[in-house]
1. Highest first, please rank the peptides 126-139, 95-108, 48-61, 29-42 by the mean number of other Cβ atoms sitting within 10 Å of their residues.
2. Return the calculated 222 nm mean residue ellipticity for the chain, to the nearest 500 deg cm²/dmol, obtained by summing -39500 (n - 2.57) across DSSP H runs with n ≥ 4 and dividing by the residue count.
3. Between residue 12 and residue 44, take the C-beta separation as r, use R0 = 35 Å, and let me know the FRET efficiency to the nearest 0.05.
4. For the stretch 1-121, what does the alpha-carbon gyration tensor say about shape, rounded, prolate or oblate, given a ≥ b ≥ c as the root eigenvalues, a/c under 1.5 as rounded, and a/b over b/c as prolate?
5. What whole-number distance in Å separates the alpha-carbon centres of the stretch 89-109 and the stretch 111-160?
6. Output the relative contact order of the chain, whole-number percent, from Cα pairs under 8 angstrom with separation of 6+ residues.
């Protein structure tokens, strides 16, 4: 299960879903940064994050509090999104686009209110942990979309039985087995990203 050759081979199978995930994420950034239709909702999301950040800053050890919160928030959501993808893969798509829109809206808002210099500082602050966190989230969502597709195929084979009617069970079983090492890898990656975000990224943002 945890052989690197098998993990690598399955990642190759997942490449189309991962590529589509990145497309959705960056499309979300573009929409969030250029379309004012969702600005009120996105502003609410940022305000909620700001309230959480203010609360964590009041703790006895803000750095540790931020690290634990960021890790648990991202890890739980990523694992959850893999398996909630069973709902036809809709939840992972929504999750990717929404996260991209929040980032796009944030960058656009900072550029308008504080100038491109501050926007560059935010981008630099996102990079140290973002190079790990964003791909991890995209991969989690890609697996969620794949799971949704598999279950949609299984449903279709139940409704319209054919020669491939018996394939769904083994396909889903194989996917579930291969998702276990992915969950472990994503959890470790998101832990490292949380440590970086609560230390290095904070330092870079303050420069």
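Please treat every number below as a calculation from the coordinates, not as lab data. What you see is a predicted model, and the numbers here were worked out from it, not measured in a lab. Using ideal geometry, Cβ is built from the backbone for each residue, glycine included, and neighbour counts are taken over all protein chains shown.
1. Details: 126-139: 19.8, 95-108: 21.9, 48-61: 11.1, 29-42: 14.7.
Descending mean neighbour count gives 95-108, 126-139, 29-42, 48-61.
2. -30500 deg cm²/dmol
3. Given R0 = 35 Å and the Cβ-Cβ separation, E is 0.30.
4. Oblate.
5. Taking the Cα centre of the stretch 111-160 as reference, the centre of the stretch 89-109 is 8 Å away.
6. 34
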